[in-house]
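One structure is given here, and the rest of the page talks about it.
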Amino acid sequence: MAYSLPLLALACAPQPMTLDRADKLCREDIGLADGVRGNVGVGVGTGGAKAKGSITVTNRVLNPQSDEEFLRECIARRMNGEPAPVTYGITVGGRT
């Protein structure tokens, strides 16, 4: 059991940021580059038809960026170890 502790500590250690990892993480957040993101879902199940949707609006809507600008700045920030900018927003959604 004691021999597994170093492996566990190694597995939990922070991983260094690579360009590929930064790109992947930034692409996950790119949907809010312009400050607005929405989604819609429709399905049918045993209880009948279901629909849901939501929209998220953040303070980035006041200073929108293109996807390319967002990606370039996000990757540079992550590679330099800088924190993400603070954003404020609201998400509104509904189901039927």
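Values computed for the structure shown
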{"quantity": "Per-residue [θ]222 nm for the chain (sum of -39500 (n - 2.57) over DSSP H runs n ≥ 4, rounded to 500)", "calculated": "-10500 deg cm²/dmol"}
{"quantity": "Whole-number percent relative contact order across the chain, with pairs defined as alpha carbons under 8 Å at least 6 apart", "calculated": "31"}
{"quantity": "FRET efficiency for Val42 and Ser66, using Cβ-Cβ distance with R0 set to 22 Å, rounded to 0.05", "calculated": "0.15"}
{"quantity": "Positive-end extreme of charge dipole, the chain - chosen from Ile75, Gly43, Thr18 (charges on Cβ)", "calculated": "Gly43"}
{"quantity": "Contact order normalised by residue count of segment 18-66, Cα under 8 Å, 6+ apart, percent", "calculated": "39"}
{"quantity": "Lys, Arg +1 and Asp, Glu -1 on Cβ, resulting dipole of the chain about Cα centre, debye, nearest 20", "calculated": "440"}
{"quantity": "Size descriptor, Kirkwood hydrodynamic radius, that averages inverse alpha-carbon separations across the chain, Å", "calculated": "16.6"}
{"quantity": "Under Karplus coefficients 6.51, -1.76 and 1.60, residue-wise ³J(HN,Hα) of segment 41-54 in Hz, glycine/proline x", "calculated": "x, 9, x, 10, x, 5, x, x, 6, 10, 9, 8, x, 8"}
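Every number in this text was worked out from the coordinates using simple rules, so none of it is lab data. Since the structure is predicted, the reported quantities are computational estimates derived from the model, not experimental observations. For neighbour counting, all protein chains shown are included, and Cβ atoms are generated from backbone atoms with ideal geometry for every residue, glycine included.
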